[in-house]
Amino acid sequence: MPDEGRAPLPDDPAPVADDPEVILEGLSPVVPPLPSVEAAEGPGPGAAPATTGELPPTGFPAGDLDALDRAPGIDSAEVAPAEETADAELGSEPPASLVSPRLPQVGAGAVAPDGSEAARLPGQAPGAPLVGAGTGDAGADAAGQDLPPIRAYAADYDASDPRPRMSVVLIDTGDSPVTFNALRSFPYPLSFALDPSRPDALEAMRAYRDAGFEVLLRSDLPEGARPADVETSTQAWSQALPEAVALIEAAPGGLQRGRETSEQLAEVLSAEGRGLVLYPEGLDTARKLAEREGVPAATLFRDFDAQDEDPKVIRRFLDYAALKSDQEGGVIMVGRLRPETVSALLVWGLADRASQVQLVPVSAVLTGR
């Protein structure tokens, strides 16, 4: 989220080479169409720059990366060697050296290493198995020491790493085709936002927690909510997802209904010991009020797939967030649990740009600001 007064991006950035599409076995059931010859060659001299798709959703200001033609590309020197090799093999079977056994499999047909069908995400299908990581709940012992949820149920990370921090939150609505094993073997931390009104909310939370992931409450206050309604709502949310480290806004402005409700929300979260993640709204008054009450709070930097953006655009959003993470004191990105998004996150993690930041659970960004 760019601050007011910060120098805008140049209107005419130097052209950059498109990052190559990477096809790794089992990553995504959806293969994006190849660009046309005209798109590959770019517009002719003097032609106006083209834009693709709609602008990101309300709650984010126009400018910076909202115009896709101004999105920063990936320099050819920054492309990981594995990506270059894969690009050279497009259209053919990828060599075995590119298909790492650590890489997750995404899609309905994915299978576990033992040949059985990979475990489904909680809520994905009736009666689907919930598979934990088998490493135990790191927050269980901490919870016994009366630590606040944002510390008791926080996932581990290297606090000594000096790089800027970046966190990715994925919204799980319970109907994703992504397999649970794909997420368990993901090469860097992810955090997951769950709606507390889901019938299987508690089951889903336990499955993610057992696998070592952080969970966030994702909800909004009703329109016309009064301060008394805030405490009632948050109590119900906390009972549904007791091990959530933070509350995240479901829609822009959904938790920012006015100063009185924002003050009450800040008091409740401070007493509960949870963090707060909001969409940018006006002068970010709700976030400032929360921080004044000692609540670890942050404004989302980017919702990167709200318009069903393709993997290439998602990776450019992630590149830009990595560039800005140092200036912002850490950034939080939010997306949805869909195969295209998970594939884009995985491939982006192979590029050099990702190595410039420390990818951490969301609590690390909230408490480190």
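Sort out which residues of region 227-238 are without any contact (Cβ under 8 Å) to a residue 40 or more places away in the chain and open to solvent by 30 Å² or more (accessible area, probe 1.4 Å), and write them in order of number.
Pro227, Ala228, Asp229, Glu231, Thr232, Gln235
Say we look at region 313-342 and pick out the residues that are in a loop (DSSP other than H, G, I, E, B) and either among the hydroxyl-bearing types (Ser, Thr, Tyr) or open to solvent by less than 20 Å² (accessible area, probe 1.4 Å) (or both); which of these is nearest to Leu190 (Cα to Cα)?
It comes out as Leu337.
Being assigned to a loop (DSSP other than H, G, I, E, B), buried (at least 19 other Cβ atoms within 10 Å of the Cβ), touching a Pro at 6+ places or on another chain (Cβ under 9 Å) and not basic (Lys, Arg): is that true of Ala244 here?
yes
Looking at (1) surrounded by fewer than 17 Cβ atoms within 10 Å (Cβ to Cβ); (2) of a type in the set (Asp, Glu); (3) part of a loop (DSSP other than H, G, I, E, B), which one does Glu203 not meet, given that it meets all the others?
(3)
Please find, within region 264-312, the residue that is surrounded by the fewest Cβ atoms within 10 Å (Cβ to Cβ) out of those that are of a type in the set (Ser, Thr, Tyr) and either touching a His at 6+ places or on another chain (Cβ under 9 Å) or under 30 Å from Ser343 (Cα atoms) (or both).
Ranking the qualifying residues of region 264-312, first place goes to Thr299.
When you look at Ala251, is it part of a loop (DSSP other than H, G, I, E, B) and aliphatic (A, V, I, L, M), yes or no?
Yes; evaluated as a whole, the condition is true for this residue.
Of the numbered conditions (1) touching a residue at least 60 places away in the same chain (Cβ under 8 Å); (2) in contact with a Pro (Cβ under 8 Å, 6 or more places away or on another chain), Gly253 satisfies every one except a single condition; which is it?
(2)
Listed residues Leu183, Leu216; which is outside any loop (DSSP other than H, G, I, E, B), open to solvent by less than 20 Å² (accessible area, probe 1.4 Å), touching a strand residue (DSSP E or B) at 6+ places or on another chain (Cβ under 9 Å) and closer than 21 Å to Val268 by Cα?
After applying the criteria, what remains is Leu216.
The values are calculated or read from the model by the stated rules, or taken from the named source; none is laboratory data. Computed from a predicted model, the values in this text were never measured in an experiment. Positions of Cβ are backbone-derived with ideal geometry, glycine not excepted, and every protein chain shown enters the neighbour counts. In case anyone asks, the SASA skips ligands and DNA or RNA and just uses the protein heavy atoms, side chains included. Shrake-Rupley method; radii C 1.70, N 1.55, O 1.52, S 1.80 Å.
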